[in-house]
Amino acid sequence: MSNVISLSQANIYQQEQLLLEGVELELASQSFAYLIGKTGSGKSSLLKTLYAEIPLKEGQGEVCGYNLIGLKRKHIPFLRRKIGVVFQDFQLLTDRNVLDNLKFVLGATGWKDKKGIEQRALNCLQLVGIEQKAKSLPHMLSGGEQQRVSIARALLNRPALILADEPTGNLDPDTSNEIMTLLLSVAKEENTAVLMATHDIGLMQSFPGRVLAIEENKLIEKP
């Protein structure tokens, strides 16, 4: 199995502050791992480095076949087509319905064929079981439904990797379990690896997986 993430001796910065030192991380394609650590420890900054929101300046890093060191700005959109990101606060566009949210992303990532765009958007809504809400505006949906849409959006370009940043952080425990079950099942169906930042110990007990922890500026693997 090839790796979708390979970091070696990577130093992760937030502006000028060194948050993570000497990161060693490999994530195989189609695998799943948790990323845990205290608030402010650098979880989000690590994820942002992986999708090139924060540049990697020191060490070595490759994500989905793209070298993060010296990655040219014009290549970032191509990297991001191979990555789906699921946020805690959903980040849906409030001025358009669910289907149009997804169609917007496809258009923005280079899809041209209107029929193809519509079909792929509907397919992803079906994958997460929310196609009946295609014409609803985001504010008309529950938190769990909005997160389903967010997962559908992450799947649009058939990514090799999903980065989920506290995806259940705003949801009640029952809905969190539902979203977790969904995320893992669609990732398996679509052959997608998942790296998920979380604080939710209960979730980790219900859905055991590999655990990567940030402690004292280091990324370590928990036994």
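What follows is calculated from the coordinates using simple rules that are stated; it is not laboratory data. Worth saying up front: this structure is predicted, and the values here are computed from it rather than measured. Cβ atoms come from the backbone with ideal geometry, glycine included; neighbour counts cover every protein chain shown.
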For a Förster distance of 41 Å, can you work out the FRET efficiency between the beta-carbons of ASP113 and GLU216, rounded to the nearest 0.05? 0.25
Among LYS72, LYS103, LYS57, the residue with the largest mean-square fluctuation in a Gaussian network model of the chain built from Cα contacts under 10 Å is LYS72
Contact order relative to length of the stretch 139-223, as percent, for alpha carbon pairs under 8 angstrom and 6 or more apart: 28
Towards the positive end of the charge dipole of the chain, with charges on Cβ (+1 Lys, Arg; -1 Asp, Glu), say which of LEU122, ILE5, GLN88 has the farthest Cα. LEU122
Calculate the dipole size of the chain relative to its Cα centre from +1 charges on Lys and Arg beta carbons and -1 charges on Asp and Glu beta carbons; express the result in debye to the nearest 20. 1020
When ASP200, ASP172 are ranked with the fewest other C-beta atoms within 10 Å first, the list becomes ASP172, ASP200
Identify all lysines with a Cα-Cα distance to LYS115 below 16 Å; exclude those on the same chain that are fewer than 8 residues away in sequence. LYS103
For MET204, MET180, MET140, MET196, what's the fewest-to-most ordering of other Cβ within 10 Å of each Cβ? MET140, MET204, MET180, MET196
Charges on Cβ only, +1 for Lys and Arg, -1 for Asp and Glu, centred on the Cα centroid of the chain; of GLN17, ASN191, ILE179, which one is farthest towards the dipole's positive end? ASN191
Can you put THR168, THR181, THR39 in order of Cβ neighbours within 10 angstrom, beginning with the fewest? THR39, THR181, THR168
Please work out the C-alpha center-to-center distance from the stretch 51-80 to the stretch 142-185 and express it in whole Å. 24
